[in-house]
Amino acid sequence: MKKPSAPTIRIDPVDPSPDRRPEPVIRVEGLRKHFRSGGEDVAVFDGFDLSLLAGESLALVGRSGSGKSTLLNILSGLERWSAGSVTLFGDSLPVDSARWSELRRSAIATVFQEANLMPALTLLENVRLRADIAGHADAGAMGWLERLGIGPLAARYPDQVSGGQRQRAALAMAFAMQPRLLLADEPTGSLDGHTAAEVANVLFAFQQAQGCPLVLATHDPALAGRCDHTLRLGA
Ligand SMILES: Nc1ncnc2c1ncn2[C@@H]1O[C@H](COP(=O)(O)OP(=O)(O)O)[C@@H](O)[C@H]1O
Ligand SMILES: [Mg+2]
């Protein structure tokens, strides 16, 4: 009887990709979001893909109502979607997972249009509280308020400052929590042109120094132009 020949062992050349390719921080596949409105099915997104690496920035642009805030809410785990998958830090997350609450506490900073400051705390106390909740006690809270141009207002309460100043305090809260992902909804929307440019400088300096991926919604072409990528939503 013929001895079977030794099986050939094939050694494939080592390919550095795709295994060694960095895992995207955000991976969205086939994302669809529909609303029922007046008995009609209204599509906000009808299936798109997106991926963002650590250190990259993405601008969401498009007319009002195109879904920018909806997408930011989905990425923060605060809104359901209709179909598709959302993977953050390598985990594919269902919308109501406890992991998402944990990420919101410690890793995902959100700067939304309605700056969510605690009204009974001063701006400085708000920033310190946010850092503390994320596990970074007093992570340079005062320094962030100063860099954002509102240091002199640190002892004021949210209702004693303007909307634009509250928006900057919300950014200071986001920076002080040392996030692994920063989501910002029109972060310079209520600032004058000069202040908006200064705040954008601080935002991108933070993003680059920390290698923190950033997704921001904006109507400002100058701000969008500073991001690595642009996603245009809507028609
Ligand atoms: N709960 C809801 N029910 C029905 N439609 C909604 C709901 N929330 C948002 N929409 C619709 O989804 C679309 C996207 O809204 P939004 O994400 O706020 O847009 P943008 O931030 O780009 O202005 C809008 O047409 C809005 O009317
Ligand atoms: Mg919006």
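The values are calculated or read from the model by the stated rules, or taken from the named source; none is laboratory data. Here the structure is a predicted model, which means the values were calculated and not measured. Positions of Cβ are backbone-derived with ideal geometry, glycine not excepted, and every protein chain shown enters the neighbour counts. Side chains are part of the model used for accessible areas, which takes the heavy atoms of the whole protein and leaves out ligands, DNA and RNA. Shrake-Rupley method; radii C 1.70, N 1.55, O 1.52, S 1.80 Å.
Where does the chain land at 222 nm, in deg cm²/dmol rounded to the nearest 500, when only DSSP H runs of n ≥ 4 count, each adding -39500 (n - 2.57), divided by all residues? The helix-only estimate for the chain comes to -9000 deg cm²/dmol at 222 nm. The angle between the Cα long axis of helix 123-133 and the longest principal axis of the Cα atoms of the chain comes to about 30 degrees, rounded to the nearest 10. Per-residue extension of 0.36 nm, minus the Cα-Cα distance of His229 and Phe35, leaves a gain of 67.1 nm for this segment. Length gained on full extension, Arg63 to Ala137, computed as 0.36 nm times the residue gap minus the Cα-Cα distance: 22.7 nm.
How far, in degrees from 0 to 90, does helix 193-210 lean away from the longest principal axis of the Cα atoms of the chain, to the nearest 10? Here the helix axis deviates by roughly 40 degrees.
Simple point charges give the picture: +1 on the Cβ of Lys and Arg, -1 on the Cβ of Asp and Glu, and for region 26-230 a dipole about the Cα centre of about 180 debye. Solvent exposure of region 116-164 amounts to 52 Å² per residue of accessible area, where only protein heavy atoms count and the probe is 1.4 Å.
When the chain is described by a simple charge dipole with +1 on each Lys and Arg Cβ and -1 on each Asp and Glu Cβ, the residue from Leu93, Leu153, Leu123 located farthest towards its positive end is Leu93. Here each label is just a point 7 Å from Cα along the line to Cβ, and for Gln210 and Leu78 those points are 1.7 nm apart.
Could you tell me how many degrees, from 0 to 90 and to the nearest 10, lie between the Cα long axis of helix 163-176 and the main elongation axis, the longest principal axis, of the Cα atoms of the chain? Once rounded, one gets 50 degrees. Computed from the C-beta positions of Thr87 and Gln160, the FRET efficiency with R₀ = 35 Å rounds to 0.25.
Each of Gly225, Gly163, Leu103 was scored by the projection of its Cα onto the charge dipole of the chain, and the greatest displacement toward the positive side belongs to Leu103; charges sit on the C-beta of Lys, Arg, Asp and Glu.
Of His219, His194, His229, the order by accessible heavy-atom surface (1.4 Å probe, DNA, RNA and ligands excluded), from most exposed downward, is His194, His219, His229.
Please find the FRET efficiency linking Ser51 to Glu198, where r is the Cβ-Cβ separation and R0 is fixed at 35 Å, and quote it to the nearest 0.05.
Values: r = 31 Å, r/R0 = 0.88.
The formula returns an efficiency of 0.70 here.
Within the chain, what whole-number % of the accessible surface is contributed by carbon and sulfur, with the 1.4 Å probe and all protein chains included in the calculation? Numbers along the way, then the final one.
Numbers: 6200 of 12300 Å².
Of the solvent-accessible surface of the chain, carbon and sulfur hold 50 percent.
Look at the Cα gyration tensor of the chain: its axes a ≥ b ≥ c give a/c of at least 1.5 with a/b over b/c, and that counts as prolate.
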